[in-house]
1. Tell me which strands (runs of 3 or more DSSP E) are completely within the stretch 99-200 and hold 1 or more residues being surrounded by 12 or more Cβ atoms within 10 Å (Cβ to Cβ) and in contact with a Lys or Arg (Cβ under 7 Å, 6 or more places away or on another chain), or say none if there are none.
2. Here are the criteria: (1) over 18 Å from A90 (Cβ atoms); (2) out of contact with any Leu (no Cβ under 7 Å at 6 or more places or on another chain). Tell me which single one E204 does not satisfy.
3. Are any residues in the stretch 19-57 in a loop (DSSP other than H, G, I, E, B), surrounded by 15 or more Cβ atoms within 10 Å (Cβ to Cβ) and without any contact (Cβ under 8 Å) to a residue 40 or more places away in the chain, and if so, which ones?
4. State which residue pairs qualify: first residue within 22 Å of L212 (Cβ to Cβ) and inside the stretch 85-110, second residue of a type in the set (S, T, Y) and outside any strand (DSSP E or B) in any location, beta carbons under 6 Å apart, and separation of 6 or more residues or different chains.
5. List the number of the failed condition for E81; all other conditions in (1) over 16 Å from the mean Cα position of the chain (by Cα); (2) buried (at least 22 other Cβ atoms within 10 Å of the Cβ) hold.
6. Among the candidates V223, V209, V279, single out the residue that is assigned to a strand (DSSP E or B), within 27 Å of P38 (Cα to Cα), in contact (Cβ under 8 Å) with a residue 40 or more places away in the chain and under 16 Å from the mean Cα position of the chain (by Cα).
7. Scan the stretch 186-203 residue by residue and report those that are under 22 Å from I104 (Cβ atoms) and either touching a residue at least 24 places away in the same chain (Cβ under 8 Å) or over 20 Å from the mean Cα position of the chain (by Cα) (or both).
8. Could you tell me whether the stretch 162-172 includes any residue that is within 20 Å of P73 (Cβ to Cβ) and of a type outside the set (S, T, N, Q)?
Amino acid sequence: MSILPIPSAEALRTVGSPPDPKKIKALALDLDGTILNPVSVLSERTIRALKACRQRGIQIIIATGRAIEATEPYIKTLGAEGPMIYFNGAVVADMPTGETISSILLDKDAAALCVDLSREMGVYFQVFFPPEFSPDGKKIILMAEWEGPELEMYLNHTGLRAELGDLKKALGRPGLKGCIKGMFLAEPEVLASLRLKLVEHFGESVYIVQALRTFLEVMDARVSKGQGLKLAMERLSLRREEVLAFGDEENDLSMFEAAGFSAVPSNAKDKIKAAADLVVGSNAEDGVAAFLEEFFGL
């Protein structure tokens, strides 16, 4: 791993197999904590750098835990098109058409058990239901059981407000095959305790990941950003060595394995840095943009 607050040819030579900028055809980019600054904004410098990459024919693949609706403004700002990875890989969709390439649902019985645990521990829990759950069969529905500071926090962070209702009743709707993901919102120490209970019950039969410090997400075991990236790469006929992935959290590790090269901002946890090929500047100082400017000579 090489530490690159501002990358240089000298530093790049310290990497075991450094990426060749002439061979990179796609960037797989996490949003929160990576290309978004600490207030969840794409800076002008980051926008310029990524648009310059697009002008050179480099594919932009957004890979996020966010919902499609909460990601769309960033994709439009960048003018990015093609396969994008949402809900940590539970949904892969082509943009701007919205065509679903892949959708993997969490079993509704597993989600119902999470609801029971939420009620028992008094921890806020919300569920993303697939389009067939909505009246028009087109919209993904976010639902929670009570209104509180967590609901408002998620609204402020993503622009999405959960509808209120009985989650067990919703999950029991006839014909419903499952949900996209369930999500607990609480302080990290509460989530750590909750995670132990989830692992004790589910083992490896579901995918449990902490995407942000206050978000603990539960999805089908087949879901990961890495799997989503592989689908996007197949769609675009990309080889591993042609893809450079950027991320900052544990949900990005599988993406690092799928891509040929990986980079993290310096604000990432040590565990994530250790898994990456490169460490660039923090998201507060446009670290990804600074790296791209020098790496590609933008």
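Read the figures in this text as sums done on the coordinates, not as results from a lab. Given the structure is predicted, the values throughout are model-derived calculations rather than measurements. Glycine gets a Cβ as well: all are built from the backbone with ideal geometry, and neighbour counts include every protein chain shown.
1. Result: 99-103, 124-129.
2. (1)
3. L42
4. If the second residue must be of a type in the set (S, T, Y) and outside any strand (DSSP E or B), the pairs left are G89/S224.
5. (2)
6. V209
7. Passing the criteria: L198, V199, H201, F202, G203.
8. Yes, the stretch 162-172 contains at least one residue that is within 20 Å of P73 (Cβ to Cβ) and of a type outside the set (S, T, N, Q).
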